[in-house]
Every structure is written in structure tokens, then in C-alpha cells.
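The values are calculated or read from the model by the stated rules, or taken from the named source; none is laboratory data. Only a predicted model underlies this, so the values are computations on that prediction, with no experimental measurement involved. Cβ placement follows ideal geometry from the backbone for every residue including glycine, while neighbour counts extend to all protein chains displayed. To get the accessible areas, we keep the full protein, side chains included, count just its heavy atoms, and leave off ligands, DNA and RNA. Shrake-Rupley method; radii C 1.70, N 1.55, O 1.52, S 1.80 Å.
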Amino acid sequence: MRIDTHAHVYPSDYLDFLADSGVTTTGGQRGLGADDTDKELEARFSLMDRAGVDRQVISASPLTGALPDPDQAASAARMINDRYVDLVDHHPDRFLAFVVLPLPHVDAALAELDRVLDAPGVVGVALTTSAAGRALTDPAFAPVWQELDHRGTVMYLHPAGDGVASPQITDHHLTWMVGAPVEDTVVAAQLITRGFVTRYPRVRILNSHFGGALPMLLERWDNLAHFEAPEAPLPPSQAARLVWYDTVAHSSQAALRAAVQAVGADRLVLGSDFPYQGGEHYLDAVAYIERAGLDAEDTQGILAANAEALLGLA
């Protein structure tokens, strides 16, 4: 079963709720064919069929409702999570879901996790690479990490779209071209060098976009860790092989081959970034893996078996 682990659904009323709550970036999610109307779902399913994709794991990232007010944040999380549970219930052969948590509000996040994580078709949580500008390694978030570890939860990480708070990125219209993979790289490095990968071994971390520049940097991290991250419990190249990565690379075979060499094909799972890669780009998000010249078993693993194992479906 082919599973696309990186796809989004943005109901228009959820976007309206966020906009009314002060979120100024919802325009980027509108008009892309990612609403949950019957018409747009029918078109999505048709495209999935053309690509040979059986199921998508949907997430609301980067719009996870990280609002300043904890009650508003909790309301946003409940709204989108209930909608996702309903979508999975109505389309169980098409959708699985990553639910959101209203971080940085820890108590609200724990309450929402307890409320919705065990719903049918929910296979993990979707977090952004930072929570309202705070690193996921912030000690205040330890209770959330502990609960996710206790439950053996998949944690899907997606860029927040904040350009790692760098005006060198955001002021130059590079938030998604450059900033997103930088966010992926930074959060992976934080979790690896701070030992979170081994401290919470039952949290199954799934990084977006091959972990950004991670495949090209592991040897550098290994060589420099002795004085910048001496507390790291494992060499970064070893820790990097304990987590997973989706294949969203805008069909770059070079990026795919680098990731296979750096972390192993068994750590890679299919991702498309629908609707941002729609139409022919969606088809190619699958096809580029098939034409990359990988071993047939590795190709099959990336397209199907690895995700089944990661999500507990095997």
C-alpha cells in the first residue's frame, strides 16, 4: 500500500477561524484544491489514483493554531482535529491523520493529545519545527515529550514558515525556498545533538524534506560535535539513522540518492507536499523515486513498506 506521508487539508472555515484570530498567513493555503469539499476531495482522489497512491496522511501544518491565547489555541486544535477525524471516518481507505497540539501551551497540548490521539485513523501528531518561536528542545515542553514517548507516538515535523527568525531569510522573500529546509536542518540538529532521539526512543520522529541539508552535513556534524555538542550521546551520523525522513525534494534525484547514502533507504518514506505539489508535480513526486535507479527493494520500501512500518500498519 502506497502511503503519502506529507499532504495537507485546509478547510476554509478553519482558515477563517485562524484569520479572525489574527493569523496573517492563511492566504497561502487558499485556492489550492486542498479544501474538504466533495468537489475538491474527488479531484484529489483522482490524482492519487493516477499516481498510484492509496492513502495520504493529512496534516494542517504549518497552520497548527499556535495562537498566543491558550484557549484560542486549544479551540483551533479541537476544530481541525475533529475535522480530520471526521475525514478519516468518511474516507478510511484514503486518509490517515496527524493531529495538531496547541503548543506552546503545554497543559492544553497534553489535554488535546489525550482527547484525540486514540481516535481511529489518527497515526501521530504534527508539530512545526519550532513552537511560537521556541525550540522543541525547550525544557518546558518535557511533559509533552514524555507523554509522546510513553505512547510510542509518531511525531511529524514540518517547517513553521518563520525562516528560523532570520530577517536575512524572511525580508528577502526566501521563507519557503530557503527558510523551510533551513528549519528542517536546524530542528534535526537540535534533536540529535541534545540527545532527544535517544532520551525519548519511543517517539518516532519523521522529518520533512529529507531533514533539509542533513544528508550533506552529517560528516561535518560528526567532526565538530566534540566541541560544539560534547554532550551528544551518539555521533550525529548514528543518531540520524534512528529517525525517518520524507521524500519531498521537488523531484531531485540527487537529494534522494544523498539521503539514501547518508541515512539508508529504510529511513525514507514517500511524501508529496500536496497541494503545493499538485497536478503533474504530484505525479512526479512519486515517479521520480521509481526512476532514480535505486535497488528495487529500496524503491518499494520508500514507496510503501517503510511508511507501513513507521505508522504501525504493517
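Going through (1) in contact with a strand residue (DSSP E or B) (Cβ under 9 Å, 6 or more places away or on another chain); (2) closer than 25 Å to L47 by Cα; (3) open to solvent by 10 Å² or more (accessible area, probe 1.4 Å) one by one, L242 falls short only on (2). Residues that are open to solvent by 10 Å² or more (accessible area, probe 1.4 Å) and either closer than 22 Å to W176 by Cβ or touching an Asp or Glu at 6+ places or on another chain (Cβ under 9 Å) (or both) within segment 282-298 comprise L283, D284, D298, listed in sequence order. I'd like to know if segment 33-49 contains one or more residues that are in a helix (DSSP H, G or I), open to solvent by 40 Å² or more (accessible area, probe 1.4 Å) and closer than 24 Å to A132 by Cβ. The answer is no; no qualifying residue exists. When we screen G312, G301 for residues that are in a loop (DSSP other than H, G, I, E, B), under 30 Å from L41 (Cβ atoms), in contact with a strand residue (DSSP E or B) (Cβ under 8 Å, 6 or more places away or on another chain) and of a type outside the set (A, V, I, L, M, F, W, C), the only hit is G312.
The set of residues in segment 235-251 being free of Cβ contacts under 8 Å to residues at least 40 places away in the same chain, touching a Gly at 6+ places or on another chain (Cβ under 8 Å) and not charged (D, E, K, R) consists of Y245 alone. Please find, within segment 78-98, the residue that is farthest from L110 (Cα to Cα) out of those that are open to solvent by 30 Å² or more (accessible area, probe 1.4 Å) and assigned to a helix (DSSP H, G or I). Only one residue tops the list, namely H90. Just give me the residues in segment 19-40 being within 23 Å of the chain's Cα centre (by Cα) and of a type in the set (D, E, K, R), in sequence order. Passing the criteria: R30, D35, D36, E40. Would you confirm whether or not segment 202-214 contains a residue that is out of contact with any strand residue (DSSP E or B) (no Cβ under 8 Å at 6 or more places or on another chain), farther than 25 Å from Q253 by Cβ and not in a helix (DSSP H, G or I)? The answer is yes, given that some residue of segment 202-214 is out of contact with any strand residue (DSSP E or B) (no Cβ under 8 Å at 6 or more places or on another chain), farther than 25 Å from Q253 by Cβ and not in a helix (DSSP H, G or I). Within segment 143-186, the set of residues being touching a residue at least 12 places away in the same chain (Cβ under 8 Å), in a loop (DSSP other than H, G, I, E, B) and not small (G, A, S) comprises T153, P159, D162.
Sub-7 Å Cβ pairs linking a first residue in segment 213-227 that is over 12 Å from A189 (Cα atoms) and of a type in the set (A, V, I, L, M, F, W, C) to a second residue that is open to solvent by less than 60 Å² (accessible area, probe 1.4 Å) and assigned to a helix (DSSP H, G or I), at least 6 apart or interchain, are M216/A258, ordered by first then second residue. Residues in segment 29-43 that are under 21 Å from T175 (Cα atoms) and without any contact (Cβ under 8 Å) to a residue 60 or more places away in the chain: Q29, R30, G31.
Scanning segment 64-77 for residues that are under 13 Å from F98 (Cα atoms) and either open to solvent by 60 Å² or more (accessible area, probe 1.4 Å) or not in a helix (DSSP H, G or I) (or both) turns up just one, T64.
Of all the criteria given as (1) within 26 Å of G124 (Cβ to Cβ); (2) among the small types (G, A, S); (3) more than 17 Å from the chain's Cα centre (by Cα); (4) open to solvent by 30 Å² or more (accessible area, probe 1.4 Å), the one not satisfied by A165 is (1).
Taking segment 52-94 as the range and being among the basic types (K, R) and under 27 Å from Q300 (Cβ atoms) as the test, the residues that pass are R55, R94.
Listed here are the residues, each with its yes/no results for (1) closer than 17 Å to M48 by Cβ; (2) buried (at least 20 other Cβ atoms within 10 Å of the Cβ); (3) among the small types (G, A, S); (4) over 17 Å from the mean Cα position of the chain (by Cα).
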{"position": "L270", "(1), (2), (3), (4)": "yes, yes, no, no"}
{"position": "E280", "(1), (2), (3), (4)": "yes, no, no, yes"}
{"position": "Q300", "(1), (2), (3), (4)": "no, no, no, yes"}
{"position": "A309", "(1), (2), (3), (4)": "no, no, yes, no"}
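Evaluate the following for P102: is it touching a residue at least 24 places away in the same chain (Cβ under 8 Å) and surrounded by fewer than 19 Cβ atoms within 10 Å (Cβ to Cβ)? In short, no. If the condition is being in a helix (DSSP H, G or I), open to solvent by 40 Å² or more (accessible area, probe 1.4 Å) and not charged (D, E, K, R), then segment 20-32 contributes G27, G28.
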